[in-house]
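Here the structure comes first, spelled out in structure tokens, and everything after it is commentary.
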Amino acid sequence: MPAAGGIGPGNGKEYPGNLTPFVTVTCIVASMGGLIFGYDIGISGGVTTMAPFLQKFFPKVWEKKEADKSTNQYCQYDSQTLTMFTSSLYLAALLASVAAGTVTRKLGRKLSMLFGGLLFFVGALINGFAKAVWMLIVGRLLLGFGVGFANQSVPLYLSEMAPYRYRGALNIGFQLSITVGILIANVLNYFFAKIKGGWGWRLSLGGAMVPALIITIGSLVLPDTPNSMIERGQTEEAKTKLKKIRGVDDVEEEFKDLVAASDASKLVDHPWTNLLKRKYRSHLIMAVLIPFFQQLTGINVIMFYAPVLFNTIGFGDDASLMSAVITGVVNVVATLVSIYGVDKWGRRFLFLEGGIQMLICQAVVAASIGAKFGTSGNPGELPKWYAIVVVLFICVYVAGFAWSWGPLGWLVPSEIFPLEIRSAAQSVNVSVNMLFTFAVAQVFLTMLCHLKFGLFLFFAFFVVLMSIFVYYFLPETKGIPIEEMSQVWKSHWYWSRFVEDDDYPNGGMEMSKGGLGPKNV
Ligand code: BGC
């Protein structure tokens with residue numbers, strides 16, 4: 001049997017440590033880094049359906065939309081300029097995450113978070129006061145730099161801070177903040193769109209300053225992670241900090257492993273080229289495929305364009321913004337489910353269950369849109385049941401994502417990389433995520449125009465692929481200390497062939513003596 005996840009709970013090392021109020025509060029504050037990303041995801045889609053915004057910055061799109069009213073619904077928003085507005089941010093984030101890789105490693109996780117907050121703040125300011133398209137673009141580039149820094153550092157920070165038994169739950173705080181950010185943005189869009197005088201979009205875009213301030217201030221008050229302090233030579237301070245974080249004095253074992261991991265990482269001159277070594281093949285593939293698959297679930301079609309999509313399938317402007325609020329609520333609530341379950345049921349279970357759920361929903365949504373709109377894109381009269389079915393299945397789909405690929409797409413990469421490649425590999429993870437967020441955002445409206453309802457089947461195909469991948473290739477990482485993760489590869493039916501016996505000299509070997517047999521073969 002090739003599948004199975006890996007290492008049973010209770011095996012291997014047990015580091016003492018509690019879920020102290022200190023670590024909980026620290027992780028909650030750090031998680032807020034997700035707010036800036038989420039706020040932006042939620043705000044752009046709504047703003048691009050606001051008539052005054054379109055008239056001011058994208059008059060051609062506005063005219064086309066007005067003129068197209070009675071014709072092919074699938075194509076009414078198809079404009080490369082408009083999508084560029086949404087997606088330009090992700091290109092900037094891609095570049096920033098590479099720079100953040102070095103900052104995070106050499107100067108600490110906190111500083112990357114601080115940069116993230118500051119850049120995002122300035123971007124939001126410029127966008128709120130935008131008078132011309134170039135200001136919008138400059139603002140969005142700065143927002144993107146901010147997101148790149150924050151997304152590179154926050155998940156690593158959380159995974160390093162958390163006691164390993166609660167790592168999943170604490171790390172998913174990041175995704176929870178993303179979803180809360182999206183929801184707040186959706187609600188604000190709903191109200192700001194109604195402001196007389198048509199300047200509500202300024203509040204929507206400028207409002208991003210608030211989450212930016214939260215993460216900026218947060219990064220100033222947060223402690224650095226012991227892992228990062230050791231990595232930067234502050235060994236004694238790191239030990240004191242570790243005791244405080246874990247709430248126990250007996251941190252010897254964990255401390256020793258952190259130092260060993262750091263020593264091993266010092267032997268590495270070039271973390272980037274290091275990533276290409278054979279023994280890191282599994283890590284590299286995960287760093288690329290997990291974010292790729294996360295985006296190919298098609299989630300951002302809903303997140304960015306829910307109002308546009310609902311509008312396309314026949315909802316009025318107000319109902320469309322409202323439906324985006326509904327999917328936003330589902331997204332938040334379902335993320336709570338994964339916080340509850342991730343350290344109990346494991347990552348693989350959530351991945352696979354979520355995959356099946358998304359697949360079913362995509363098929364139903366494709367069928368119902370296909371049945372009504374056919375290939376002409378002209379639906380005629382739309383009955384109420386139809387709208388309910390579509391919104392319902394989109395909500396179930398969002399829930400499936402929100403307790404699987406959403407949080408796990410950030411959690412799993414942040415916990416599987418050994419310290420010597422952690423920062424670089426996380427940069428790869430963020431870059432690939434941003435690249436495909438960009439690609440989906442950029443081509444979605446064109447794809448909708450050409451593939452029509454088949455668009456949902458396109459994403460469904462990838463959901464099948466990613467579920468097969470998880471089933472065969474992703475080991476279970478629940479309940480394994482982060483510096484001991486090498487065991488999951490060593491005992492994996494496929495990845496073990498890339499690991500030599502003398503790879504990972506620290507930590508891993510001791511664990512296998514401790515009873516970690518290769519279960520997953
Ligand atoms: C993804 C985003 C997505 C969000 C939705 C995140 O994990 O990276 O692209 O928009 O989840 O909640």
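The values are calculated or read from the model by the stated rules, or taken from the named source; none is laboratory data. Model, not experiment: these values are computed from the prediction. Glycine gets a Cβ as well: all are built from the backbone with ideal geometry, and neighbour counts include every protein chain shown. These area figures cover heavy atoms from the full protein model, side chains too; ligands, DNA and RNA do not enter into them. Shrake-Rupley method; radii C 1.70, N 1.55, O 1.52, S 1.80 Å.
Arrange the residues Val333, Val430, Val364 by how much accessible surface each exposes, largest first, with a 1.4 angstrom probe.
Numbers: Val333 80, Val430 0, Val364 45 Å².
Greatest to least solvent exposure: Val333, Val364, Val430.
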- Going by accessible area, probe 1.4 Å, with all protein chains left in place, what is the ranking of Tyr90, Tyr340, Tyr494, largest first? Tyr340, Tyr494, Tyr90
- Note on the structure: Dipole check, the chain, charges on Cβ (K,R +1; D,E -1), about Cα centroid: among Ile416, Thr225, Leu91 the Cα furthest to the positive pole belongs to Leu91
- Note on the structure: Dipole check, the chain, charges on Cβ (K,R +1; D,E -1), about Cα centroid: among Ala399, Leu445, Trp489 the Cα furthest to the positive pole belongs to Leu445
- Query: Which value, in debye to the nearest 20, describes the size of the charge dipole of the chain about its Cα centre when Lys and Arg Cβ atoms bear +1, Asp and Glu Cβ atoms bear -1, and nothing else is charged?
  - Reply: 940 debye
- Query: What nm value, rounded to one decimal, do you get for the distance between Glu237 and Asn18 when each label is placed 7 Å out toward the C-beta?
  - Reply: 2.7 nm
- Task: Please work out whether segment 216-321 counts as rounded, prolate or oblate from its C-alpha gyration tensor, where a ≥ b ≥ c are the square roots of the eigenvalues and a/c under 1.5 means rounded, while otherwise a/b larger than b/c means prolate and anything else oblate?
- Result: oblate
- Query: Percent relative contact order of the chain, based on C-alpha pairs within less than 8 angstrom and at least six residues apart?
  - Reply: 28 percent
- Task: Quote the accessible area belonging to Asp343 in square angstrom, nearest 10, computed with a 1.4 Å probe and with ligands, DNA and RNA left uncounted.
- Result: 40 Å²
- Item | Cα gyration tensor shape of segment 82-141, rounded if a/c is under 1.5, else prolate or oblate by comparing a/b with b/c | oblate
- Item | Unit charges on C-beta of K, R, D, E only; dipole of segment 194-295, Debye | 780 debye
- Percent relative contact order for segment 224-379, counting Cα pairs under 8 Å at least six residues apart, stands at 9 percent
- Query: With every protein chain kept in the model, how would you rank Val248, Val464 by accessible area, 1.4 Å probe, largest at the top?
  - Reply: Val464, Val248
- Message: Rounded to the nearest 10 Å², what accessible area does His450 have for a 1.4 Å probe in the complete protein model?
- Response: 130 Å²
- Query: What part of the accessible area of the chain, given as a whole %, is carbon or sulfur when the probe is 1.4 angstrom?
  - Reply: 70 percent
- Message: Explain nothing, just the number: relative contact order of segment 377-500, from Cα pairs under 8 Å at least 6 residues apart, as a whole percent.
- Response: 27 percent
- So which helices of the chain fit the span-like rule, where a helix is a whole DSSP H run, its Cα atoms reach 24 Å or more along the axis, and its mean Kyte-Doolittle is at least 0.0? 80-107, 109-128, 133-161, 167-192, 317-345, 347-373, 384-402, 419-451, 454-473
- Task: Give the residues of segment 389-412 whose amide nitrogen is closer than 12 Å to a point set 7 Å from the Cα of Ala371 in the direction of its Cβ.
- Result: 389-390
- Item | For the chain, with +1 on Lys and Arg beta carbons and -1 on Asp and Glu, the positive-most of Ala367, Ile285, Gly117 along the dipole | Ala367
- Between Ala99 and Glu252, what FRET efficiency comes out of the Förster formula 1/(1 + (r/R0)^6) with R0 = 35 Å and r the beta carbon distance, rounded to 0.05? 0.45
- Query: Using mean Cβ contacts within 10 Å as the protection proxy, how do 132-138, 349-355, 299-305, 30-36 order, highest first?
  - Reply: 30-36, 299-305, 349-355, 132-138
- Note on the structure: Taking a ≥ b ≥ c as the square roots of the eigenvalues of the Cα gyration tensor, with a/c under 1.5 meaning rounded and otherwise prolate when a/b exceeds b/c and oblate if not, segment 448-500 is prolate
- Point-to-point label distance, Thr273-Leu336, nm (Cα→Cβ direction, 7 Å offset): 5.1 nm
- Message: Under a crude label model (7 Å from the Cα following the beta-carbon direction), how far is Ala439 from Asp317 in nanometres?
- Response: 3.5 nm
- Would you calculate, for the chain, the mean residue ellipticity at 222 nm contributed by helices, counting each DSSP H stretch of 4 or more residues as -39,500 (n - 2.57) and dividing by all residues, to the nearest 500? -24500 deg cm²/dmol
- Please report, in whole Å, how far the alpha carbons of the chain spread along each principal axis, starting with the longest. 70, 50, 39
